[in-house]
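Have a look at the structure below before the remarks.
The values are calculated or read from the model by the stated rules, or taken from the named source; none is laboratory data. Predicted, not measured: the structure shown is a model, and the values here were computed from it. With ideal geometry, Cβ positions are generated from the backbone for all residues, glycine too; neighbour counts draw on all protein chains shown.
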Amino acid sequence: MKPPRKLHIKSYGCQMNVYDAQRMADTLAGEGFVETSSSDDADLVILNTCHIREKASEKVYSELGRLRILKDEAARNGREMRIAVAGCVAQAESSEIIRRAPVVDVVVGPQSYHHLPRLLAHAKAHGRALETEFPVEDKFGFLPAPKPEAIRARGISSFVTVQEGCDKFCTFCVVPYTRGAEVSRPVQRIVDDVARLADHGVREITLIGQNVNAYHGEGPDGRTWPLGRLLHRLAETPGIVRLRYSTSHPRDVDDSLIEAHRDLPALMPFVHLPVQSGSDRILVAMNRRHTASEYRGVIDRFRAVRPDIAFSSDFIVGFPSETEEDFAATLALVMQIGYAAAYSFKYSPRPGTPAADMRETVSAAEMDQRLVRLQELIDSQQSAFNAATIGETVDVLFERSARNPGQIVGRTAYLQPAHVMASPEIIGQILPVTITSLERYSLLGQLAVRSPTPPAPLPYLQMTTGA
Ligand code: 5AD
Ligand code: SF4
């Protein structure tokens, strides 16, 4: 038997890339590839790239420079190393990548991962392979299901793609071009995936999609199901104790989603709802299709049914024509909403997007300064949110052994990491924890009650007890 070939995937950017990396690994497992944590001894290195901002997409070229040295070294030792570029830079830059970095053997866009074995064979025979078309067939249907060992190794929390692509065309964003039009997976496929994951120890599912609440998949009844209805169905899966979804657009929050938050205890009261700016003028220029006050209205609808709900968001500072007044409106919105967490970015023009043709009016120094001011405000809100848990008893879903010996780490409903001293048997369970202190963004605490007799541990849970 041939020895297994080693595969190293380095992912950048969003959760979708993390999920796609797993799907690529599953596809290549059928070709005899096993994953390795380092590129040094890999036979195949895949850079799973992100094109969302300039910084993200430039990273791929510096990494390719490093890989060229490794590939040359491997060749000198009589070993063949292949390099593939996947993800959104592959989609957006296609053959330009090979021109700039001839070391690359395969360029594969996100819609074509199921063709990886064929592309690798083609590269072996002809030196190079490139596929960045949007094929007509549904790629979701062609990707193999993960093997039970792979599911177990990935832990108790799993992403499941339910929707891909975006039809919103925000003027700054490359996603509609790199990931294409919105496509939703049929309900039954998702239900089956989630049941398989649950059977192998997964307890928490995060449904992902570039615009996840635009989900409109075909239900088993032949009708189109919205995200809220899908969540209701998935909440019935035995073993699944927590559900989440990301990333949502404020315009696509419908009654079904609000009802899901009202009715489903397993649906976590923590929603990532990007707003980008608090200025109506900038929101129009961004083509966000909602005003600041409509956004506040959406937040109010969630809060009316789940008073304990918390939000995170994304912001862009320095969008073309953003004035100090516009920026002040963003700060005001942040003050009004009160976020548990948020990400903020300096505007970066992306080739091919409408905003790239707009005149940039905010100087680099001003952008830096606005970013710092916004991040300080967000940080203060996040710190206050975390500090409010001290002395409280909160539910934690335990995920894995922590770096400190004897400590187990899990997450609260709001994704805050929480550490306790306990036996690894608690992994996979939700237990109440009394929070005693904070360490940066992590909570430290003690199990509030001794756990009831734990169920027989799953095989992989024994593995995590380690030596
Ligand atoms: N410049 C800066 N930030 C951007 N984002 C998307 N495109 C750009 C861009 N051109 C941010 C948005 C989005 C997040 C994923 O990345 O805030 O919600
Ligand atoms: Fe990009 Fe999100 Fe706007 Fe879609 S909704 S274009 S993914 S920022």
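Quick notes on this structure:
- The residues of the range 43-69 that are of a type in the set (S, T, N, Q), away from ligand 2 (no atom under 16 Å from the Cβ) and in a helix (DSSP H, G or I) amount to a single one, Ser62.
- Single condition Glu259 does not satisfy, out of (1) within 27 Å of Thr237 (Cβ to Cβ); (2) in contact (Cβ under 8 Å) with a residue 60 or more places away in the chain; (3) surrounded by fewer than 20 Cβ atoms within 10 Å (Cβ to Cβ): (2)
- Qualifying residue in the range 236-248 (condition: charged (D, E, K, R) and within 22 Å of the chain's Cα centre (by Cα)): yes
- Ser321 vs. criteria of a type outside the set (A, V, I, L, M, F, W, C), near ligand 1 (Cβ under 10 Å from one of its atoms), surrounded by fewer than 19 Cβ atoms within 10 Å (Cβ to Cβ) and touching a residue at least 12 places away in the same chain (Cβ under 8 Å): no
- Applying the condition of being within 15 Å of Asn211 (Cβ to Cβ) and within 20 Å of the chain's Cα centre (by Cα) to the range 258-290 and asking which residue is farthest from ligand 2 (Cβ to nearest atom) yields Val271.
- Positions within the range 166-182 being of a type in the set (A, V, I, L, M) and either closer than 19 Å to Phe319 by Cα or within 17 Å of the chain's Cα centre (by Cα) (or both), in sequence order: Val174, Val175
- Any hit, the range 341-354, residues being away from ligand 1 (no atom under 15 Å from the Cβ) and over 22 Å from Pro176 (Cβ atoms): no
- Screening the candidates Ala181, Ala153 for the property of being within 16 Å of ligand 2 (Cβ to nearest atom) and of a type in the set (Gly, Ala, Ser) yields one hit, Ala181.
- Counting only residues that are crowded, with 22+ Cβ neighbours inside 10 Å and either free of Cβ contacts under 8 Å to residues at least 24 places away in the same chain or outside any helix (DSSP H, G or I) (or both), the range 98-116 holds 6 of them.
- Counted residues, the range 150-176 - those being assigned to a helix (DSSP H, G or I) and among the charged types (D, E, K, R): 1
- Filtered residue count, the range 18-76, keeping only those that are without any contact (Cβ under 8 Å) to a residue 40 or more places away in the chain, closer than 17 Å to Glu96 by Cα and in contact with a Phe, Trp or Tyr (Cβ under 8 Å, 6 or more places away or on another chain): 2
- Scan the range 102-123 for residues that are in contact with a strand residue (DSSP E or B) (Cβ under 8 Å, 6 or more places away or on another chain), over 14 Å from Thr27 (Cα atoms) and not acidic (Asp, Glu) and the total you get is 7.
- Total residues in the range 157-175 satisfying the condition of being more than 6 Å from ligand 2 (Cβ to nearest atom) and not acidic (Asp, Glu): the figure is 11.
- Spans of strands (runs of 3 or more DSSP E) in the range 223-326 with at least 2 residues polar (S, T, N, Q): 310-317
- Scan of the range 430-467 for residues that are at pLDDT 95 or above and of a type in the set (S, T, N, Q), ordered by number: Thr434, Thr436, Ser437, Gln446
- If you go through the range 376-395 and keep only what is within 25 Å of the chain's Cα centre (by Cα) and either modelled with pLDDT under 95 or of a type in the set (Ser, Thr, Tyr) (or both), you end up with Ser380, Ser383.
- Test: residue in the range 113-123 that is under 19 Å from the mean Cα position of the chain (by Cα) and either within 17 Å of Phe33 (Cα to Cα) or within 16 Å of ligand 1 (Cβ to nearest atom) (or both): yes
- When the range 7-26 is limited to residues that are within 8 Å of the chain's Cα centre (by Cα) and assigned to a helix (DSSP H, G or I), the one that is farthest from Ile205 (Cα to Cα) turns out to be Asn17.
- Flag for Asn404 being at pLDDT below 95 and either assigned to a helix (DSSP H, G or I) or surrounded by fewer than 17 Cβ atoms within 10 Å (Cβ to Cβ) (or both): yes
- Screening the range 288-318 for residues that are out of contact with any helix residue (DSSP H, G or I) (no Cβ under 7 Å at 6 or more places or on another chain), of a type outside the set (Val, Ile, Thr) and under 11 Å from Ser277 (Cβ atoms) and picking the one that is surrounded by the fewest Cβ atoms within 10 Å (Cβ to Cβ) gives Asp314.
- Sub-6 Å Cβ pairs linking a first residue in the range 306-317 that is among the charged types (D, E, K, R) to a second residue that is at pLDDT below 95 and within 16 Å of ligand 2 (Cβ to nearest atom), at least 6 apart or interchain, number zero.
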